[in-house]
Amino acid sequence: FFFSFSAMAEVSRSLGDVVGFDYIHPIAERIRFFFEGEGAQVCAENEDPNRIRWMIPKEWHIPLSHLLIFFAIAVSMCLIEPLFARLVSRPLARYLNLLEIDRKRFTESIWQLCFYGPAWIFESLIVYNSPWFYHTYLVWEPPFPRQVMSEQIFWLYALQIGWYAHCSFYHLFVDSRKADFYPMLIHHVTALALLLSAFASGYYRCGVLCLYCMDISDIILHIGKPLRLIENVRPLPDITLFVFYISLLGSWLGFRLYLFTAKVLYASLIQSVHYGGWINSDNWVFFNLLLLIILVLQLYWFYLIILSGYKYIRFGEEFDDERDRHNKKKGKRKQK
């Protein structure tokens, strides 16, 4: 697994060197000067960004003990989810007298809310106390990629890797298939590849920023969706679902599109090259390709959110997840 990823990264570096020195670095410099001024910070070791190799590469390696921890967390989540559904979310769905067709969606959302809520709080505590959140060029400060990983960040990665391994398994074999089955599968595989490769290669700070920008929207999504299902049997004020829709729209636009671009992609695409020099930008093509895949998927789902609001305004349709709306129509056709 890691041999294939490291081989791809090496190929991407060889190809990138052709244009990196003469084109990518000067472009990154001009972009940083435009946004940060000509005093944009560069690495103290970066006297000649095209010739001085100050970075000591790190072999892509995860100790067996860590892999066992990731595997144990993934297996534990796969075992805990059905137990949680049986003891908590299904009884709650019955208590709320939800429609039978909505109960599986309800249990899935409650389970995801119980993960993403604490996870984002944990991520916030890490980034708000880290100078590289406010000055993202410090993501690459020496001794990158051999910066010491704190215990908190280790366990954040362990939980997230276990979570995405669990989600990938459930997405393939357990969860009901939605209209975006394949985009979601691409997302899970890409996220898992990013987490594992960032952990193994020392790019972990950029990964933490990425998680912080992404997870808050899942909290809002999985609060709003159960409320939408409750509204099927117990009418709620229109303002309730509207507030959650606007909150989801704002969080997606603010965190997953703007902040992800400003904090993660800007640091990875631009600051990494100018701060340390192209000669020290190992794996630049590899990691940025994966990050751009994540961005394209976020734009696709943002389109679905906009589409739901448009249908509500234009045709008076209920606020709903467009993926679930597709599944309900498909189910009605089968019943006929």
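The values are calculated or read from the model by the stated rules, or taken from the named source; none is laboratory data. Please read all numbers here as calculations on a predicted model, not as lab measurements. No Cβ is skipped: glycine too gets one built from the backbone with ideal geometry, and neighbour counts run over all protein chains shown. Accessible surface areas use protein heavy atoms only, side chains included; no ligands, DNA or RNA. Shrake-Rupley method; radii C 1.70, N 1.55, O 1.52, S 1.80 Å.
Here is how the numbers come out for the structure above:
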item	result
Residue count, segment 171-220 (criterion: open to solvent by 10 Å² or more (accessible area, probe 1.4 Å), touching a residue at least 40 places away in the same chain (Cβ under 8 Å) and not in a helix (DSSP H, G or I))	6
Candidate set from segment 80-102 (those that are crowded, with 16+ Cβ neighbours inside 10 Å and within 24 Å of Gln160 (Cα to Cα)); member that is nearest to the chain's Cα centre (by Cα)	Glu81
Wholly enclosed helices (runs of 4 or more DSSP H) of segment 246-336 bearing at least 3 residues surrounded by fewer than 21 Cβ atoms within 10 Å (Cβ to Cβ) and modelled with pLDDT under 90	284-315, 322-335
Residue count for segment 136-169, restricted to those that are modelled with pLDDT under 95 and out of contact with any helix residue (DSSP H, G or I) (no Cβ under 9 Å at 6 or more places or on another chain)	3
Pairs, first hydroxyl-bearing (Ser, Thr, Tyr) in segment 277-294, second open to solvent by 10 Å² or more (accessible area, probe 1.4 Å), C-beta under 8 Å, six or more apart	Ser281/Ser272
Single unsatisfied condition, Ser14 versus (1) in a helix (DSSP H, G or I); (2) open to solvent by 60 Å² or more (accessible area, probe 1.4 Å); (3) modelled with pLDDT of 80 or more	(3)
Candidate set: segment 103-149, residues that are more than 27 Å from His222 (Cα to Cα) and outside any loop (DSSP other than H, G, I, E, B); chosen: the one most open to solvent (accessible area, probe 1.4 Å)	Tyr134
Criterion violated by Pro57 - all others in (1) more than 28 Å from the chain's Cα centre (by Cα); (2) at pLDDT below 85 satisfied	(1)
Residue within segment 32-39 that is over 17 Å from Tyr170 (Cβ atoms) and modelled with pLDDT under 90 present	yes
Condition met for Asp282 (acidic (Asp, Glu) and in contact with a Lys or Arg (Cβ under 8 Å, 6 or more places away or on another chain))	yes
Tally of residues being open to solvent by 30 Å² or more (accessible area, probe 1.4 Å) and in a helix (DSSP H, G or I) across segment 233-245	7
